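Q: So that we are looking at the same thing, I have put the structure below in structure tokens.
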Ligand SMILES: Cc1cc2nc3c(=O)[nH]c(=O)nc-3n(C[C@H](O)[C@H](O)[C@H](O)COP(=O)(O)OP(=O)(O)OC[C@H]3O[C@@H](n4cnc5c(N)ncnc54)[C@H](O)[C@@H]3O)c2cc1C
């Protein structure tokens, strides 16, 4: 059981000729849980996301701001 997580600029890192049982498009809350369930069921899973890498906390620039402080 393997999971490969690929963002658009990292596709070249995939091994050649690798096959998947399932492909999840989007790595948000929904896709992430779907991929976890698939992996726990033993399926080789590829997860693709078009967005940039988002680091928990440090990439939430408006986290904790009051509504009055938002643009
Ligand atoms: C500012 C803000 C604060 C929030 N705070 C909280 C909180 O504190 N607690 C909480 O429970 N919820 C919070 N939420 C809500 C929570 O973020 C969403 O409910 C949740 O992220 C929805 O998950 P999702 O998987 O449906 O969508 P998303 O998380 O939006 O994931 C969708 C993913 O799919 C990718 N994607 C889309 N189209 C494509 C495509 N064509 N090809 C490849 N990839 C694609 C996107 O790049 C994205 O990564 C907040 C939302 C916002 C905007």
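Q: Under a plain spin-label model, where a point goes 7 Å from the Cα along Cα-to-Cβ, how far apart in nm are residue 58 and residue 19?
A: 4.0
Q: Please work out how much length the chain gains when fully extended from residue 50 to residue 29, using 0.36 nm per residue of separation minus the C-alpha to C-alpha distance, in nm with one decimal.
A: Gain in length upon complete extension: 6.1 nm.
Q: Sticking with this structure for a sec: If each of residue 36 and residue 67 carries a label point 7 Å out from its Cα toward its Cβ, how far apart are those two points in nm?
A: 3.1
A short reminder: the numbers here are calculations on the coordinates, not readings from a lab. Please read these numbers as outputs of a predicted model, since none were measured by experiment. Backbone-built Cβ (ideal geometry, glycine too); neighbour counts: all protein chains shown.
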